[in-house]
Structures are given as C-alpha cells and as structure tokens.
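The values are calculated or read from the model by the stated rules, or taken from the named source; none is laboratory data. If you're wondering where the values come from, they're calculated on a predicted model, not measured in any experiment. Cβ coordinates were reconstructed from backbone atoms using ideal geometry, including for glycine residues, and neighbour counts include every protein chain displayed.
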Ligand code: ATR
C-alpha cells in the first residue's frame, strides 16, 4: 500500500486524511494517508525519514509551505511562481513540488458560478496564502487583480513576479475607488466589523466575497460582507476539498469528484 502524509503545526484540525481516504474509496484505490505534527525545526528531517521509509508523497500546510518549496529538486511552474509548495511527490529519491491551492480556489469559484474572466478581483493579504493563488487567478484573465495588504511592499513584491499589466498592489484604504466583482480574504486576521481594513464602498450588491478559511460559523469577514449586501458569500471549504482533489490526481493519476465529500464535511460542521 502507498503511504502519504500531511505535515503541519498545528495539524490536529486537518481534514486532509478524511478527504484523501474518501477519494481513495471513491476511485477504488488503497492508500494510507496520515496527519503528522512536525516540530518547527524538524521539517526537512521528517520528510527525508518518510522518503527513506518509502513514502510516496505529502501535503504540506502552515507553517511549512515555504520550507517545502526550498526542499524540492523540481518545481511546477505554479509552485515556482508562488514560492510555496503544498504537494510533495517522491520519486527515486527526488522531491517534486507543486502548489494546488490556486487551482483549488479557482475550481471552487467556478463551481459556485463566479465569473472570473474580465472580472475585477481584490485579493486581501500578501502572505503565503495569497501568493499561492495569484498565478491561477491571473490564468482566468480577469480585467484587474489588486492585491491589498497592510504592508504594501509585500503586495508589490508579489506583483513584481508577474509581467501581466492587470495586476497591481494597494493599501486597504485606497481600494474604495474601485468596485469589485470578487473579494478574496487571504489574510490571517480575524477581520471583524470596524477592524475590516477595506472601505465599505468596495463591497456592493454585485460583489461576491470569498474567505479562504471556513468554520462552523460564517467567518467575521463574510458576516460583515453579508451585512453590506454582498451578492454571495462563500467560505473556503470547497477550496480545501478541490486542492486535495488536485493533489490526489498528481499522485494517483485520477481526479476524484469532490461533491460527496463536500456534503459530508459541510454536514459535520453543523
Ligand atoms: P499565511 O501563510 O496564512 O498567508 P502569513 O504569510 O503570515 O500567513 O501572512 C499573513 C497575512 O495576513 C499578511 O498579508 C498579513 O499582513 P502584513 O503582511 O501586513 O503583516 C495579514 N494580516 C495578519 N494580521 C492582520 C491584521 N490584523 N490586519 C490586516 N492584515 C493582517
């Protein structure tokens, strides 16, 4: 049986083992997929041990995505652009790194009927979570992609990786002059009421608001967006499942369907 892991710190909350076991069952494959808590200084050691034991691949979550990127012998183009890796594959001792977060986000948006082509998108945050999705969003050919961050230099650093002219950086309080079709929260901040760093005018009845995180309750960003009359609010559960499906396809050569496990996880959250 082939063995896989998800590495993170913390990791207890991870739903990846449940998701991958469901994919394996659905596609009639036998895999063993386990979560493992990794101490902050031990990431590369843990990965080499797993390779020695014959491990086939691993998912990587916070805070190890940048370290995983540095560990790889080969990188996909999207992993190279994002500077972060969430999917490792091991083959004859070599480590191949990919990043499926962006494609997971885009697939979830499209399956929620969000139109990305020619749209105006605001991405909040310029950390690892934001970096990982920019190339996939640009590939959908929006009219404009603005990355807003408290520290604008970090947003500009991401913008500088791309030759496209429809990508810009901004401070939060400067985005009021635009109306957005889509606003994606990729910050790690609990964005509540008054502390929401974007001006209220940026959210209109035509704006879809997406939060990369999810939980039992609607996130504070989504509560606030809904109160302002946003067209639709969507949490990150679908992104989680879709990025996992893409990792599974990289490892197993078959793309599982995400609907059933989405329903199951949503029901478990209630
Ligand atoms: P992640 O891997 O989750 O993206 P990260 O790389 O630490 O984590 O990035 C966190 C992001 O959330 C950053 O964009 C950060 O803004 P700064 O770059 O200006 O620090 C943003 N963030 C965290 N706390 C925030 C807050 N209270 N208000 C606004 N943005 C915040």
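Worth a mention:
- Qualifying position, being outside the structural domain of residue 14 (by TED's automatic domain parsing) and within 16 Å of the ligand (Cβ to nearest atom), among 223, 208, 175, 233: 175
- Exactly one residue out of 152, 156 is surrounded by 16 or more Cβ atoms within 10 Å (Cβ to Cβ) and either away from the ligand (no atom under 16 Å from the Cβ) or more than 16 Å from residue 84 (Cβ to Cβ) (or both), and it is 152.
- Taking region 101-218 and the helices (runs of 4 or more DSSP H) fully enclosed by it, the elements with 1 or more residues that are over 17 Å from the mean Cα position of the chain (by Cα) and closer than 22 Å to residue 69 by Cα are at 152-159.
- Some residue of region 66-84 being away from the ligand (no atom under 16 Å from the Cβ) and within 25 Å of residue 235 (Cβ to Cβ): yes
- Filtering region 247-270 to residues that are surrounded by 14 or more Cβ atoms within 10 Å (Cβ to Cβ) and under 12 Å from residue 108 (Cα atoms) leaves 258, 262.
- Residue check for residue 145: over 30 Å from residue 268 (Cβ atoms) and either surrounded by fewer than 17 Cβ atoms within 10 Å (Cβ to Cβ) or away from the ligand (no atom under 15 Å from the Cβ) (or both): yes
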